[in-house]
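The values are calculated or read from the model by the stated rules, or taken from the named source; none is laboratory data. In this text the structure is predicted, and so the values were computed from the model without any measurement. Because the Cβ atoms are built from the backbone with ideal geometry, glycine has one as well, and the counts that use them run over all protein chains shown. The area values use the complete protein model at the heavy-atom level, side chains included, leaving out ligands, DNA and RNA. Shrake-Rupley method; radii C 1.70, N 1.55, O 1.52, S 1.80 Å.
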Amino acid sequence: KLVNAPVVHVNGDYPEEVARAVSIAFEYRKKFRKDVIIDLITFRRWGHNELDEPSFTQPHMYNIIRARESVPKVYERKLEDECVVTKESAQETRAQFTKFLEDELAASKDYQPEADHLKGKWSGLVMPTEAVSTIDTGVDIDTLREVGEKSVSVDSALKVHPRLAKHHIQLRLKRLAEGQSVDWATAEALAFGTLLKEGFNIRLCGQDVGRGTFSQRHAMFVCQDTENVYVPLNNIGEPQGKLEVANSNLSELAVLGFEYGVSIQSPTILPIWEAQFGDFNNTAQVIIDTYISSGETKWLRQSGLVMLLPHGYDGAGPEHSSSRIERFLQMCNTPMDLSDAGVVQNPNMHIVVPTTPAQIFHLLRRQMKRNFRKPLVVAGPKTLLRLSLATSTLDEMAPGTSFQPIISDTLASSPELVQRVVFVSGKLYYDLAKTYQENSARIGSKIAIVRLEEICPFPRQELINEMRSFTNATEFTWCQEETMNAGTYSFVQPRLQSILPKGQVLRYIGRGPLAAPVTGISRVYKAEQAQIVKDALADL
């Protein structure tokens with residue numbers, strides 16, 4: 001009744017009726033393109049495994065079951081009574097099938113299946129031996145402007161909500177014309193539009209993804225008079241790919257499972273699942289554990305699925321929404337000791353915490369421009385969607401640009417004077433940078449702040465190169481706003497420690513361990529947050 005699907009009830013004791021029920025169900029689905037349910041009524045004859053005995057707990061039921069003949073024997077006698085088969089031919093069939101099973105079992109011991117993962121639609125791709133983060137994903141600025149303008153272009157007959165006309169459409173056109181202050185939603189639209197223009201298809205799925213959880217995206221416009229839906233990016237100009245905006249219901253397990261299926265079906269589709277809030281992924285944990293994190297290892301099936309977890313790495317007070325990024329990182333299979341220059345990282349997933357619109361632009365394009373596919377988990381912020389400091393220029397998305405695994409320090413004017421290097425991810429950087437600039441006379445160039453944008457694969461060489469510029473640094477600190485047992489610290493600590501200058505020990509600045517993502521008392525939260533910033537920028 002919930003999904004308005006018919007139910008076909010059938011008794012498993014009658015094989016012909018079971019076959020008929022299955023045939024009806026398939027024909028129904030084929031003709032009407034709707035769900036149908038088969039209620040197969042049967043029973044378990046044996047226990048859960050070779051050591052289990054179901055009569056331990058259901059003795060009466062299993063006395064009845066064991067007194068019954070097996071379904072094959074009952075069906076065999078029925079066919080004999082109807083003169084369809086003879087007793088001898090039935091026994092011969094049974095013996096032949098038993099022999100077939102025994103032969104197949106013996107052959108399975110030496111069987112080597114043929115790998116078909118790079119055939120058909122997947123031909124031309126490779127199985128990566130090392131994760132490569134640097135690839136030119138920039139686009140000509142004229143093309144960016146064209147796509148950006150198309151992303152908010154609507155027919156005059158479609159009545160757009162006046163707030164969108166003023167605060168979304170006009171503002172985006174202004175930013176594109178100036179080439180400055182490009183916000184998160186615009187950068188995402190530019191990534192979508194340029195990929196569509198290159199022939200890729202995109203599927204954007206999740207609850208209210210059309211407008212975005214925080215009303216920032218507006219990939220679709222709804223006429224205020226007719227409620228007709230218009231997707232501007234599907235009208236860039238032929239030939240182009242298709243953007244499918246699927247506003248799904250709040251059933252993360254089913255929805256994410258479907259999107260994973262889309263991702264392994266074709267490498268030319270960019271499937272994106274956006275949780276309404278970052279922590280909503282927890283009800284889809286089975287899909288993440290069983291398929292997304294390990295499908296390539298178990299079945300050689302690559303997946304380019306993108307999981308957007310908004311408000312998932314954003315210390316925003318008692319309403320804090322945690323994507324539990326530490327769980328994703330715990331499932332990543334990269335080495336913990338990166339001290340050896342020859343160490344290779346080819347992780348099962350890529351985990352990123354981008355802090356600028358240009359970074360999300362390059363990340364989305366990188367998913368499709370590489371010659372392999374990897375799941376991408378984006379722990380995204382709420383605050384940075386509209387923060388004036390967290391904007392980019394079109395030049396940062398132009399040819400020759402790419403995603404940056406780390407963003408170097410821009411606050412310390414003299415690297416040779418730096419004594420403390422603070423490593424940070426996410427929006428906390430902007431809190432630190434604001435206080436740094438307010439206290440620049442005191443701090444001078446004694447402290448540098450380096451952003452880790454890609455947590456896995458760990459940006460080993462980029463960090464080593466960055467640290468070499470701070471020749472007199474004596475203190476290296478990891479700073480985060482999550483609790484000590486959450487966030488990225490447990491993943492970062494052993495890896496960063498393994499590449500620090502000899503004799504140095506990575507310090508930690510952040511909240512202590514806590515069972516909940518954050519305290520629920522606003523006053524306490526603000527005091528903790530202020531203390532983190534104060535400690536990170538304290539005098540040496």
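How would you classify region 394-498 from its alpha-carbon gyration tensor, with a ≥ b ≥ c the square roots of the eigenvalues: rounded for a/c under 1.5, else prolate if a/b is greater than b/c, otherwise oblate? Display every interim value, and only then the final one.
Details: a/c = 1.32, a/b = 1.08, b/c = 1.22.
Here region 394-498 falls in the rounded category.
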Item checked: Set of lysines near Lys369 by C-alpha distance (under 24 Å), chain-local residues within fewer than 8 positions excluded -> Lys119, Lys121, Lys150, Lys197, Lys242
Check: For region 349-419, which trypsin sites (Lys or Arg not before Pro) are in a loop by DSSP, counting at most 14 other Cβ atoms within 10 Å?
Finding: Arg386
Next item on the list: Express the carbon and sulfur contribution to the solvent-accessible surface of region 414-540 as a percent, rounded to the nearest whole number, probe 1.4 angstrom.
Entry: 54 percent
Item checked: For region 404-471, size of Cβ-based charge dipole, Lys and Arg +1, Asp and Glu -1, in debye -> 180 debye
Checklist line | Lys/Arg +1, Asp/Glu -1 at C-beta; the chain dipole; positive extreme among Ser323, Asn485, Ala358 | finding: Ala358
Notebook entry, point to check: How much accessible surface does Cys223 have with a 1.4 Å probe, in Å² rounded to 10?
Noted result: 10 Å²
Check: Residue-wise, which Karplus ³J(HN,Hα) couplings in Hz belong to region 477-491, taking 6.51 cos²θ - 1.76 cosθ + 1.60, θ = phi - 60°, and x for glycine or proline?
Finding: 10, 9, 10, 8, 9, 6, 5, 4, 8, 10, x, 9, 4, 5, 7
Note to self: In whole Hz and in residue order, list the ³J(HN,Hα) couplings for region 54-66 that follow from phi through the Karplus curve 6.51 cos²θ - 1.76 cosθ + 1.60, θ = phi - 60°; x for Gly and Pro.
What the structure shows: x, 5, 4, 10, 10, x, 5, 4, 7, 5, 5, 4, 6
Next item on the list: Show the residues, 5+ positions off or on another chain, whose built amide H is closer than 5 Å to the amide H of Val8.
Entry: Ile37, Ile38, Asp39
Margin query: Tell me the accessible surface of Thr283 in square angstrom (1.4 angstrom probe, heavy atoms of protein chains only), to the nearest ten.
Written below: 80 Å²
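Just the accessible area per residue of the chain, please: how many Å² with a 1.4 Å probe?
Ligands and nucleic acids excluded, the figure is 50 Å² per residue.
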Notebook entry, point to check: Carbon and sulfur atoms: what percent of the 1.4 Å accessible area of region 275-383 do they account for?
Noted result: 52 percent
Note to self: Can you compute 3J(HN,Hα) from phi for each residue in region 123-129, using the Karplus curve 6.51 cos²θ - 1.76 cosθ + 1.60 with θ = phi - 60°, rounded to whole Hz and x for Gly and Pro?
What the structure shows: 5, x, 8, 10, 8, x, 9
Next item on the list: Give the long-range amide H neighbours of Val450: residues separated by 5 or more places, or on another chain, with amide H under 5 Å away, using H modelled in the peptide plane at 1.01 Å from N.
Entry: Val422, Phe423, Val424
Notebook entry, point to check: What is the Cα radius of gyration of region 456-531 over 2.2 N^0.38 Å, N being its residue count?
Noted result: 1.29
Notebook entry, point to check: Where nothing but the Cβ of Lys and Arg (+1) and of Asp and Glu (-1) is charged, how large is the charge dipole of the chain around its Cα centre, in debye to the nearest 20?
Noted result: 1020 debye
Next item on the list: Sort out for me the Cα centre separation of region 167-206 from region 249-301, rounded to whole Å.
Entry: 24 Å
Notebook entry, point to check: What order do you get for 395-403, 84-92, 448-456 when each peptide is scored by the mean count of other beta carbon atoms within 10 Å, highest first?
Noted result: 448-456, 395-403, 84-92
Item checked: Rounded accessible area of Asp52 (nearest 10 Å², 1.4 Å probe) -> 50 Å²
